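To start, the structure under review is shown below, and the notes come after it.
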Amino acid sequence: MIGFSNHIFKPYIAVNITFGLVVLSVFSYSLIFRGDHHPIPALLTEKTGIVPPSKGLSSAFSEIIRGNFNDALAINQHSIRIFSFFVLQLFARLFFIVAALSIPSYSKSLVYIDAIFSISLFGYCFFPLILYTLQLFGALF
């Protein structure tokens, strides 16, 4: 385990911190921009007229950050489910950093548990978008 800790432990902590900062950036973006004032356009809808299930997530996230859950659901029906991924990941990053620093002998097990948790959570929270993407690719072939 010591060899694992020396080679993987520091990068694992760095990845957790980086991902935590990315999540905080998503929250900050959602807090700064509101309504239709988001600088990132919905390119797919603008170019093709297709409205994917991700349309309106930025606006919906802005409403969730402000506690307007009903407004968020009106903008995008999947918003709370997808937003919950980011909230749970932020707490998971904190938990796994503390756990890895507190119990370095279990760092290899923590990495596996973290990976399984994160992949499962992503699959559940992003399922509507994943399904849409698979159906879109299926229609192309």
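The values are calculated or read from the model by the stated rules, or taken from the named source; none is laboratory data. As the structure is a prediction and not an experimental result, all values here were calculated from the model. As a convention, Cβ positions derive from the backbone with ideal geometry for all residues, glycine included, and neighbour counts pool all protein chains shown. SASA here: full protein model, heavy atoms, side chains in, ligands and nucleic acids out. Shrake-Rupley method; radii C 1.70, N 1.55, O 1.52, S 1.80 Å.
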Can you list the residues, at least 5 places off or on another chain, whose amide H is less than 5 Å from the amide H of Q77, using H built in the peptide plane?
none
Using every pair of alpha-carbon atoms in the stretch 83-123, split the distances into 5 Å bins beginning at 0 and state the percent of pairs per bin, rounded to integers.
5, 25, 30, 23, 12, 4, 0
Excluding ligands and nucleic acids, what accessible area in Å² is computed for R81 using a 1.4 Å probe, to the nearest 10?
80 Å²
For helix 10-32, report the angle its Cα long axis makes with the longest principal axis of the Cα atoms of the chain; keep it between 0 and 90° and round to the nearest 10°.
30 degrees
Ranked by GNM mean-square fluctuation in the chain (Cα springs under 10 Å), the top entry among I82, I17, I116 is I116
Which FRET efficiency value, to the nearest 0.05, is calculated for V51 and S105 with the Förster distance at 35 angstrom and r the Cβ-Cβ distance?
0.10
Given the Cα-Cα distance of L140 and N68 and 0.36 nm per residue of separation, how much length would full extension add, in nm?
22.2 nm
About the Cα centre, and with charges only on the beta carbon of Lys, Arg (+1) and Asp, Glu (-1), how big is the dipole of the chain? Nearest 20 debye, please.
220 debye
P(r) histogram, all alpha-carbon pairs of the stretch 49-141 included - 10 Å bins from 0, percent:
16, 34, 28, 18, 5, 0
Run the quick spin-label model on L24 and S120: label points 7 Å from Cα toward the beta carbon, then report their separation in nm to one decimal.
2.8 nm
Taking the Cα-to-Cβ direction at R81 and at I13 and moving 7 Å from each Cα, how far apart do the two end points lie in nm?
3.7 nm
Test of understanding: in a Gaussian network model of the chain with alpha carbons linked when under 10 Å, which of Y12, Y112, Y124 would top the mean-square fluctuation ranking?
Y112
